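Visitor: Below you'll find the structure I mean.
The values are calculated or read from the model by the stated rules, or taken from the named source; none is laboratory data. The shown structure was predicted, so the numbers you read here are calculated from the model rather than taken from an experiment. Because the Cβ atoms are built from the backbone with ideal geometry, glycine has one as well, and the counts that use them run over all protein chains shown.
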Amino acid sequence: MRDILPHLLPPIAAALLYAGLGYHFWHTRWNDTGQPLSPLPMQSWERGTIAVALFLQGAGLYAALFPGGGLRFSFSLAISLMLWLAVLIYWLESFRSSMDGMQPLALALPLAAIGAVLPVVFAQTREIVHAQTLGFRMHFLAAMLAYSLFTVSALNAVFMGFIEHKLRRGIIGGHQASLPSILSMETLLFRLIGIAFLLLTLTLISGLVFSEQIFGKAVVFAHKTTFAFASWIIFAALLFGRCHYGWRGKVALRWTLAGFALLILAYIGSRFVMEVLSGRV
């Protein structure tokens, strides 16, 4: 018990901090009193608390991913790492962004709280055999960054849909009234998608070209590969439609969420079925 407890404390403490911060951001940024209020930028103590939660979750992830110098992985660690990087991106963006409310954090933080404790609940992992090769490290880094940026994009898309719905009903007020325009948020959304798409392309190319060096076997077009390429096609079509036809609004949001859903199914969904439902590692 004494050996297990130090490994459980960081993710659980991080989850509690994320949950508390999520409630705080919901109450201070999303909860609309109907009164005209001044902009509410990210406060120093908020950034500091998020940094503590990121450190605690990061420490727990490092201990779980690299026990004894090797690399172990699972669907729960993938979700936890993906959401950790998403919150880290929001945290870094808060230092330079003019988005006073940072309202999407109210969506990201509760998800990060769940992600932080998932490796505790689903502790089964598998060892990655070729983790020491440079090709695998590049492939892994590109994949995790792509997943995280697409997660941020999906959260921003959900948030934009919520704001557009309230704008149509004419009920925007309070801190929400200090948000940037929908066009500004769309520009940020497509910038994130563009970077994530390049990383996803790098991930797929490296997986195809260097499959034997990275995974020790030739590429196999299983469910994971099929869903990943389907997601790539959707995001490629979205970026093409944006550049040539000016896609925006609901069309862009639906394509973003559809591509993200397929990307989640590509790895996390397949690993969940194998590890949890089938009991295979």
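Visitor: Condition check: in contact with a Gly (Cβ under 6 Å, 6 or more places away or on another chain), among the hydrophobic types (A, V, I, L, M, F, W, C) and modelled with pLDDT under 90. Does L37 satisfy that?
Guide: Working: in contact with a Gly (Cβ under 6 Å, 6 or more places away or on another chain): yes; among the hydrophobic types (A, V, I, L, M, F, W, C): yes; modelled with pLDDT under 90: yes.
Yes, satisfied.
Visitor: Output the residue which, of all residues in region 56-69 that are free of Cβ contacts under 8 Å to residues at least 12 places away in the same chain and assigned to a helix (DSSP H, G or I), is nearest to P110 (Cα to Cα).
Guide: Y62
Visitor: Filter region 203-213 down to the residues that are within 19 Å of T226 (Cβ to Cβ) and not polar (S, T, N, Q), then identify the one that is modelled with the lowest pLDDT.
Guide: Let us first name the residues in region 203-213 that are within 19 Å of T226 (Cβ to Cβ), namely 203-209, 211.
When the remaining residues are screened for being not polar (S, T, N, Q), the result is 204-205, 207-209.
Details: L204: 88, I205: 86, G207: 78, L208: 77, V209: 72.
Among them, the one singled out is V209.
Visitor: Only one of M82, M102 is aliphatic (A, V, I, L, M) and modelled with pLDDT under 85. Can you tell me which? Give the steps one after another, and end with the answer.
Guide: Working: M82 fails: modelled with pLDDT under 85.
It is M102.
Visitor: Select from region 181-198 the residues that are crowded, with 18+ Cβ neighbours inside 10 Å and either in contact with a strand residue (DSSP E or B) (Cβ under 8 Å, 6 or more places away or on another chain) or within 11 Å of F150 (Cα to Cα) (or both) and list them in ascending order.
Guide: L189, F190, L192, I193, A196, F197
This table checks each residue for (1) farther than 25 Å from I163 by Cβ; (2) surrounded by fewer than 18 Cβ atoms within 10 Å (Cβ to Cβ); (3) modelled with pLDDT of 85 or more.
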| site | (1), (2), (3) |
| --- | --- |
| A236 | yes, yes, yes |
| F240 | yes, yes, yes |
| R248 | no, yes, no |
| A252 | no, no, yes |
| L263 | no, no, yes |
| A266 | yes, no, no |
| M274 | yes, yes, no |
| V281 | yes, yes, no |
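Visitor: Let me ask another. Taking the condition at pLDDT below 90, over 17 Å from V152 (Cβ atoms) and either surrounded by fewer than 22 Cβ atoms within 10 Å (Cβ to Cβ) or touching a strand residue (DSSP E or B) at 6+ places or on another chain (Cβ under 9 Å) (or both), does G58 pass?
Guide: Here the answer is no, as G58 does not meet what is asked.
Visitor: Now, a different point. Could you check L92 against (1) surrounded by fewer than 19 Cβ atoms within 10 Å (Cβ to Cβ); (2) in contact with a Leu (Cβ under 8 Å, 6 or more places away or on another chain); (3) assigned to a helix (DSSP H, G or I); (4) of a type in the set (A, V, I, L, M) and say which number it fails?
Guide: Result: L92 fails condition (2) only.
Visitor: Related question: F136 - would you say it is aromatic (F, W, Y) and modelled with pLDDT of 80 or more?
Guide: No.
Visitor: Only one of (1) part of a loop (DSSP other than H, G, I, E, B); (2) of a type outside the set (D, E, K, R); (3) in contact with a Phe, Trp or Tyr (Cβ under 9 Å, 6 or more places away or on another chain) is not met by Q124, so which one is it?
Guide: (3)
Visitor: May I pose another question? Has region 158-166 got at least one residue that is within 19 Å of the chain's Cα centre (by Cα), buried (at least 21 other Cβ atoms within 10 Å of the Cβ), modelled with pLDDT of 75 or more and closer than 30 Å to L9 by Cα?
Guide: Scanning region 158-166 turns up no residue that is within 19 Å of the chain's Cα centre (by Cα), buried (at least 21 other Cβ atoms within 10 Å of the Cβ), modelled with pLDDT of 75 or more and closer than 30 Å to L9 by Cα.
Visitor: Somewhere in region 46-68, is a residue in contact with a Leu (Cβ under 7 Å, 6 or more places away or on another chain) and within 24 Å of W232 (Cβ to Cβ)?
Guide: No, the conditions are met nowhere in region 46-68.
Visitor: Take the residues of region 39-63 that are more than 19 Å from the chain's Cα centre (by Cα) and hydrophobic (A, V, I, L, M, F, W, C): which is farthest from W26 (Cα to Cα)?
Guide: A63
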